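All remarks here apply to the structure that follows.
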Amino acid sequence: MLMKVENLAISYNGMTVFSDLNVELEKGKIMSLVGPSGCGKTTFLRCISGLTSPTSGTIQLNGCDITKTKPEERPVVLMFQQPLLFPHMTILQNVTYGLKYGKRKLKKKEREEKGLAILEKVDLGSHGERYPHQLSGGQQQRVALARALIVNPDLLLLDEPFSSLDPSLRSSIRLWVKDFLKNEGVTALFVTHDREEAMIIGDEIAVMKDGSFQQTGAPEEVYQNPKSSTVAEMFSEGVHFEESFLPANQLTIRPVSNLKVSDTETIRAVIQYKVYKYGHSFYHLHVPSLKQNVVVSSSQLFNDGDHVDLTYLRSSVQPFHNEQSTIYFTDKARQSR
Ligand SMILES: Nc1ncnc2c1ncn2[C@@H]1O[C@H](COP(=O)(O)OP(=O)(O)OP(=O)(O)O)[C@@H](O)[C@H]1O
Ligand SMILES: [Mg+2]
């Protein structure tokens, strides 16, 4: 197991951010961490990198307890939201900075060789002599990634690295980064607000809320089988009741009718608006009785403001199976669930 976090807790001035986080992450895996603003995602990464000391609990890396190890002595690199490149240094100098001092110190020639090699890998081989302001936002993030990986960390922590990029650049760079990390066999924890991004990048998803991991698992598992209304609301698509979840793909939009069909239930909804995507019409609906919104595709024509019925088979409702918040990222553990 590359990383093992046990009973990690942190409080600021008596206010608990999280109280009992438990995570295991296998070598070569990428875990996406999603959760609402302020739930403690950055704090968790800071604890792992050593920038923040946890109140209690332990962090192990490669079987060694690093809870009290200084940040610079941990084989971990944290990459922030902004590339944070030194403006007065060239791209090559920025990338090789981590090899200049401390334990990883190398001679200038070696540093430059390594720097050029990693710049080639991030497709910026011809940009080494430029300065950060002469690169685009996406290119700067690739430099930041090269700078992080040049020191060969055992664990890479990425804190919303693409959130400052515009949407089209963001979607192309995230695919590129995913392929890159997988080809290099990097183990990473990746924080994002974006569900789609979490699913694209992560081998595993961890949904964090209210100071704990609410659910973890393969992206499709969490998406299709939320274990609680909290996870359903944050990560899945559909409507949720107190004790169960109804996936959006099980809903059919029909004109309002009082006709009862056996085995079928109906909820009233209002069409808010329609979007065309991937060759289909998707209706955004509000369900007043549940105070929820849902998106359902339909080939029938409805207008904004129409009152409609959403029908579904009773058998398509999935009861929640609440489980504890401990997560294990071994394949064995996943199979046994
Ligand atoms: N140094 C600090 N002192 C006091 N409180 C802090 C400190 N750092 C973070 N907090 C609090 O801890 C909580 C978690 O913050 P954190 O930055 O980890 O959230 P986050 O999940 O990364 O949020 P976001 O998605 O907005 O980045 C917040 O309530 C924040 O106000
Ligand atoms: Mg944060």
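Taken across the range 222-231, residues that are part of a loop (DSSP other than H, G, I, E, B), closer than 24 Å to S316 by Cα and touching a Ser or Thr at 6+ places or on another chain (Cβ under 9 Å) do occur, with at least one present. Just a yes or no: is a residue in the range 82-101 within 16 Å of ligand 1 (Cβ to nearest atom) and more than 27 Å from N183 (Cβ to Cβ)? No; the residues of the range 82-101 include none that is within 16 Å of ligand 1 (Cβ to nearest atom) and more than 27 Å from N183 (Cβ to Cβ).
The helices (runs of 4 or more DSSP H) found entirely in the range 126-216 that carry 2 or more residues being within 16 Å of ligand 1 (Cβ to nearest atom) and not acidic (D, E) are 195-201. Taken over the range 95-112, the criterion of being among the charged types (D, E, K, R) and open to solvent by less than 50 Å² (accessible area, probe 1.4 Å) is satisfied by R111 alone.
Part of a helix (DSSP H, G or I), open to solvent by 80 Å² or more (accessible area, probe 1.4 Å) and more than 22 Å from D154 (Cβ to Cβ): is that true of Q82 in this structure? First the steps, then the outcome.
Values: part of a helix (DSSP H, G or I): no; open to solvent by 80 Å² or more (accessible area, probe 1.4 Å): yes; more than 22 Å from D154 (Cβ to Cβ): yes.
Taking the combined requirement at face value, the residue does not satisfy it.
Mind listing just one residue for me: the one in the range 56-79 that is of a type in the set (S, T, Y) and either within 12 Å of ligand 1 (Cβ to nearest atom) or not in a loop (DSSP other than H, G, I, E, B) (or both) and, of those, farthest from G137 (Cα to Cα)? Applying the filter and picking the extreme gives S56. The requirement of being open to solvent by less than 40 Å² (accessible area, probe 1.4 Å), out of contact with any Ser or Thr (no Cβ under 6 Å at 6 or more places or on another chain) and of a type in the set (S, T, Y) is fulfilled nowhere in the range 113-135; no residue meets it. Working only within the range 12-34, note down all residues that are open to solvent by 10 Å² or more (accessible area, probe 1.4 Å) and within 9 Å of ligand 1 (Cβ to nearest atom). Listed by number, the residues that qualify are Y12, N13, M15, V17.
All conditions in (1) over 17 Å from the mean Cα position of the chain (by Cα); (2) near ligand 1 (Cβ under 10 Å from one of its atoms); (3) closer than 24 Å to V177 by Cβ hold for R46, with the sole exception of (1).
Output the number of residues of the range 161-183 satisfying the condition of being touching a residue at least 60 places away in the same chain (Cβ under 8 Å) and under 22 Å from A218 (Cβ atoms). Total satisfying the criteria: 3. Considering the conditions (1) within 16 Å of ligand 2 (Cβ to nearest atom); (2) more than 17 Å from K103 (Cβ to Cβ), S49 is excluded by exactly one of them, (2). The set of residues in the range 248-261 that are in a loop (DSSP other than H, G, I, E, B) and open to solvent by less than 90 Å² (accessible area, probe 1.4 Å) comprises L251, V256, S257, V261. For L61, the stated conditions do not hold, so it cannot be described as within 22 Å of the chain's Cα centre (by Cα) and within 16 Å of ligand 2 (Cβ to nearest atom).
The values are calculated or read from the model by the stated rules, or taken from the named source; none is laboratory data. Remember, it's a predicted structure, so these values are computed and weren't measured experimentally. Because the Cβ atoms are built from the backbone with ideal geometry, glycine has one as well, and the counts that use them run over all protein chains shown. Accessible surface areas use protein heavy atoms only, side chains included; no ligands, DNA or RNA. Shrake-Rupley method; radii C 1.70, N 1.55, O 1.52, S 1.80 Å.
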